[in-house]
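*Asks:* Questions regarding the structure given below will be posed in turn.
The values are calculated or read from the model by the stated rules, or taken from the named source; none is laboratory data. All values derive from a computational prediction rather than experimental measurement. FYI the Cβ positions are ideal-geometry reconstructions off the backbone, even for glycines, and counts take in every protein chain you see.
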Amino acid sequence: MAHGIVPLMVNQPNTTRIDLKQYTLHLHTGPDRTLSQVMAMPDSAWQPATQQRLLSLGSDGDWYHFQLLQETTEYRNWLVEFDNPDIDELTLYHFIDGRLQQTLVMGDTKPFHERPILQNNFVYPFAMGNNQRHDFWLKIETQGTSYLPIILWAPDQMLQHVSNDYMVRGMQLGILGAIGLFALFMATTTGSFSYGYYAGYVLTMTLLVASINGTAFSHLWPQYPQLQNHIIAPLIPLVMAFNVLFTEKALQLKYYSLKLLRLSRWLTLLALLLVPVALVIPYRIALYLDLTAIAVISVLLLLMSVIQAFTGNKLARLYALSSFAKAFGVLISTFMYIGWLSIPMNPLTPVMLGLTTEVVFMAAVLAIRYNDERKSKMRIQHEALRQAERIREAKEEALLLEAKSNERLERMVQERTLELEFAMRELNDANHKLMEQSQLDALTGAHNRASFDKKLQAEGRISRRQQTPLAMLMLDIDKFKAINDTYGHLAGDQVLKAVADTLQTHLKRPGDLASRFGGEEFAVILPGTDEEGAKQLAERLCAAVAQLSIDWGNQVIDLTVSIGVSAEVINADSDTTLLLSHADEALYVAKHQGRNQVSVYSNQANTSIANSQ
């Protein structure tokens, strides 16, 4: 059923943006009407959407219907945008040539990722072919504003529009956030309540703006639609509470008018009481209360600033201008929300212009007040300097008498300071030497286990950041227990020293580190070394140790070592432990296969050895 609808012919290849409201019919029914019941409604029940009251708070049965036709021979992609991110539930029925193609439910009561296109506004993509008739039926249910522009976009043009829109919103939120953070920094460093209330006002207003335009939902809590549905109502009175507190400080009501001070305290209490109330009452009622309160408070703040301006408070004059801009914008937006005023624009635009003007003027008020306080402090400091100068002149003779003793004392202090500097330098040298010694093994002179662990952690992080391989050698002296049992532990100590010296001789790079891992085991860390390079070095070390000849008494002790090799790129902190474990497993394979050889870690090979045990 067409219901007297005027279809939109979408034939021009250069069509990029169309306001569909003038081609849309509107119907208000109860909340329980089904699509079939709405489609069966007579023509007289429908009216052009352009004649609908612009907006109101809450909607439990608003239906829209528009029709698109295309007679071109090629398929074209289109996007329908519903330009109100605060709609609770928007149900879309898409028909093509009278057949239902898709039913889609969108709204800020659902997680952000469920939208067909992840934009702040609700966007529905579809394609149109030759001689196709597309009918769209929309059902709106929301506790907030029912304001719903409907726009047809070509995808590339909408991309440009979204880019520009995001840039403007980003600049607006960025400026507000920067001003708020600067005020917060000033408040923490100076202890000023004025800056603190101003920071609270700007930062909460920034969060409110981001929540209303959907930026907060898309970036801060996309998985929590319940938060999106409840945060706006308590944020509005919280913003106003900070606004009243700042007004009290900016106008210095404590010094100029106690009556207005008491009034501002009552307004603050009213705004703060609305915060918990807005969380427990229905959202629509909370918004009505918020809008009423913000209108009343804005007008009263304007009157307060005007009264103070006439009493000679120079800051109040500038503040009155900002209060007028805000009050005017708030009243316009409030009248639009409750349906008393119909203007073809987003109802947020007037209040946002007013608030932005107020933030700028408030910053000017703070700057002027800060400048006045700075000048006052400078006058006080100047007077203090003059008084200090008089005192200095009065004590000048006494200071001249003390000059010689002070000079002698200063010389003694300098001499003592020089002695202390020498002592501290010697102490630092001793500490440096002690630190170096604490990282070395007392017997072999190689690095100890603590130094090894620290080096391994550091090189693991470098490998992870730079994605370069890190190699590990685990070296064990073959039949070391037999050497101790045959020649004695002193001979074993000599063997350990010889192996440690051999390792240090063959490690050429400054970043390589050889350490005594424990008992007769040594570990070598090779940064920036792949498996092949580590294997070649391990084979040279194995051969070099085999050529050692340890003379002990009248006997010669022959040495061999077994070496396990592993190398990989570190991707997590736990991978360093795994690298060490792999090298140890490879060492076990070398021991198992007959000692005096190098084994490179292989998962398959090590598993086979383990299974054979």
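*Asks:* With (1) in contact with a helix residue (DSSP H, G or I) (Cβ under 8 Å, 6 or more places away or on another chain); (2) at pLDDT 90 or above as the list, and Glu532 as the residue in question, which single condition is left unmet?
*Replies:* With respect to (1) in contact with a helix residue (DSSP H, G or I) (Cβ under 8 Å, 6 or more places away or on another chain); (2) at pLDDT 90 or above, Glu532 is out only on (1).
*Asks:* If the requirement is being within 23 Å of the chain's Cα centre (by Cα) and over 30 Å from Ala286 (Cβ atoms), which of these qualifies: Phe126, Phe185, Phe112?
*Replies:* When all the criteria are applied, what remains is Phe185.
*Asks:* Any idea which of Leu526, Leu537, Leu541 is touching a His at 6+ places or on another chain (Cβ under 6 Å) and under 24 Å from Ser602 (Cβ atoms)?
*Replies:* Answer to the check: Leu541.
*Asks:* Looking for something in the same structural domain as Val351 (by TED's automatic domain parsing), crowded, with 17+ Cβ neighbours inside 10 Å and not hydrophobic (A, V, I, L, M, F, W, C) - is there at least one such residue anywhere in the stretch 146-163?
*Replies:* no
*Asks:* Same structure again: Take Ala544 and tell me if it is of a type in the set (Gly, Ala, Ser) and farther than 21 Å from Gln504 by Cβ.
*Replies:* Answer is no for this residue.
*Asks:* For residues in the stretch 562-577 being more than 21 Å from Ala514 (Cβ to Cβ) and part of a helix (DSSP H, G or I), which is modelled with the lowest pLDDT?
*Replies:* Looking at residues that are more than 21 Å from Ala514 (Cβ to Cβ) and part of a helix (DSSP H, G or I), I get Ser574.
Here's the yes/no breakdown for (1) part of a helix (DSSP H, G or I); (2) touching a residue at least 24 places away in the same chain (Cβ under 8 Å); (3) of a type in the set (Lys, Arg); (4) outside the structural domain of Phe193 (by TED's automatic domain parsing):
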| site | (1), (2), (3), (4) |
| --- | --- |
| Phe246 | yes, yes, no, no |
| Ala271 | yes, yes, no, no |
| Val277 | yes, no, no, no |
| Arg284 | yes, yes, yes, no |
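*Asks:* Any idea which of (1) of a type in the set (A, V, I, L, M, F, W, C); (2) without any contact (Cβ under 8 Å) to a residue 24 or more places away in the chain; (3) farther than 21 Å from Ala498 by Cα is the one Val569 doesn't satisfy?
*Replies:* Going through (1) of a type in the set (A, V, I, L, M, F, W, C); (2) without any contact (Cβ under 8 Å) to a residue 24 or more places away in the chain; (3) farther than 21 Å from Ala498 by Cα one by one, Val569 breaks only (2).
*Asks:* Could you check the stretch 28-45 and list, in sequence order, the residues that are without any contact (Cβ under 8 Å) to a residue 12 or more places away in the chain and surrounded by 11 or more Cβ atoms within 10 Å (Cβ to Cβ)?
*Replies:* Within the stretch 28-45, Gln37 is the sole residue that qualifies.
*Asks:* Still on this model: Just one of the numbered conditions (1) over 23 Å from Lys497 (Cα atoms); (2) modelled with pLDDT under 90; (3) not acidic (Asp, Glu) is not true of Trp552; which one?
*Replies:* (1) is the only condition that Trp552 fails.
*Asks:* Which of the following residues is closer than 24 Å to Gly488 by Cα, buried (at least 17 other Cβ atoms within 10 Å of the Cβ) and in contact with a helix residue (DSSP H, G or I) (Cβ under 7 Å, 6 or more places away or on another chain): Ile557, Ile563?
*Replies:* Unique residue meeting the criteria: Ile557.
*Asks:* Would you pick out the residues in the stretch 129-157 that are within 30 Å of Leu287 (Cβ to Cβ), at pLDDT below 85 and out of contact with any Gly (no Cβ under 9 Å at 6 or more places or on another chain)?
*Replies:* Of everything in the stretch 129-157, those that are within 30 Å of Leu287 (Cβ to Cβ), at pLDDT below 85 and out of contact with any Gly (no Cβ under 9 Å at 6 or more places or on another chain) turn out to be Tyr147, Leu148, Pro149.
*Asks:* Is it true that Val495 is in contact with a strand residue (DSSP E or B) (Cβ under 8 Å, 6 or more places away or on another chain) and within 29 Å of Ser602 (Cα to Cα)?
*Replies:* Against the criterion (in contact with a strand residue (DSSP E or B) (Cβ under 8 Å, 6 or more places away or on another chain) and within 29 Å of Ser602 (Cα to Cα)), Val495 does not qualify.
*Asks:* Oh, and also: So, of the residues in the stretch 248-268 that are assigned to a loop (DSSP other than H, G, I, E, B) and touching a residue at least 60 places away in the same chain (Cβ under 8 Å), which turns out to be surrounded by the fewest Cβ atoms within 10 Å (Cβ to Cβ)?
*Replies:* Looking at residues that are assigned to a loop (DSSP other than H, G, I, E, B) and touching a residue at least 60 places away in the same chain (Cβ under 8 Å), I get Gln252.
*Asks:* Can you tell me which of (1) within 26 Å of Val598 (Cα to Cα); (2) among the aliphatic types (A, V, I, L, M); (3) assigned to a helix (DSSP H, G or I) is the one Ala471 doesn't meet?
*Replies:* Status for Ala471: all satisfied but (3).
Each row is one residue, and each column tells you yes or no for (1) more than 43 Å from the chain's Cα centre (by Cα); (2) at pLDDT 75 or above; (3) assigned by TED's automatic domain parsing to the domain that holds Leu90.
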{"position": "Thr15", "(1), (2), (3)": "no, no, yes"}
{"position": "Asp19", "(1), (2), (3)": "no, yes, yes"}
{"position": "Gln22", "(1), (2), (3)": "no, yes, yes"}
{"position": "Leu27", "(1), (2), (3)": "yes, yes, yes"}
{"position": "Arg33", "(1), (2), (3)": "yes, yes, yes"}
{"position": "Ser36", "(1), (2), (3)": "yes, yes, yes"}
{"position": "Ala40", "(1), (2), (3)": "yes, yes, yes"}
{"position": "Trp46", "(1), (2), (3)": "yes, yes, yes"}
{"position": "Thr50", "(1), (2), (3)": "no, no, yes"}
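*Asks:* So, Asp97, is that one touching a strand residue (DSSP E or B) at 6+ places or on another chain (Cβ under 7 Å), charged (D, E, K, R) and surrounded by fewer than 17 Cβ atoms within 10 Å (Cβ to Cβ) or not?
*Replies:* For Asp97, the condition - touching a strand residue (DSSP E or B) at 6+ places or on another chain (Cβ under 7 Å), charged (D, E, K, R) and surrounded by fewer than 17 Cβ atoms within 10 Å (Cβ to Cβ) - is met.
*Asks:* Kindly provide the set of residues from the stretch 165-189 that are surrounded by fewer than 15 Cβ atoms within 10 Å (Cβ to Cβ) and either at pLDDT 80 or above or of a type in the set (Gly, Ala, Ser) (or both), ordered by number.
*Replies:* Met167, Gly170, Met171, Gly174, Ala178, Leu181, Phe185, Thr188, Thr189
Matching residues to (1) of a type in the set (Gly, Ala, Ser); (2) more than 17 Å from Val556 (Cβ to Cβ); (3) without any contact (Cβ under 8 Å) to a residue 40 or more places away in the chain:
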residue	(1), (2), (3)
Asp478	no, no, no
Asn484	no, no, yes
Tyr487	no, no, no
Leu490	no, no, yes
Val499	no, no, no
Lys508	no, yes, yes
Asp512	no, yes, yes
Phe517	no, yes, no
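*Asks:* Still on this structure: Could you check the stretch 188-198 and list, in sequence order, the residues that are touching a Phe, Trp or Tyr at 6+ places or on another chain (Cβ under 8 Å) and either free of Cβ contacts under 8 Å to residues at least 60 places away in the same chain or closer than 23 Å to Pro350 by Cβ (or both)?
*Replies:* Within the stretch 188-198, Tyr197, Tyr198 meet the criteria.
*Asks:* Of the residues that make up the stretch 221-234, is at least one in the same structural domain as Leu184 (by TED's automatic domain parsing), of a type in the set (Phe, Trp, Tyr) and part of a helix (DSSP H, G or I)?
*Replies:* No, every residue in the stretch 221-234 fails to be in the same structural domain as Leu184 (by TED's automatic domain parsing), of a type in the set (Phe, Trp, Tyr) and part of a helix (DSSP H, G or I).
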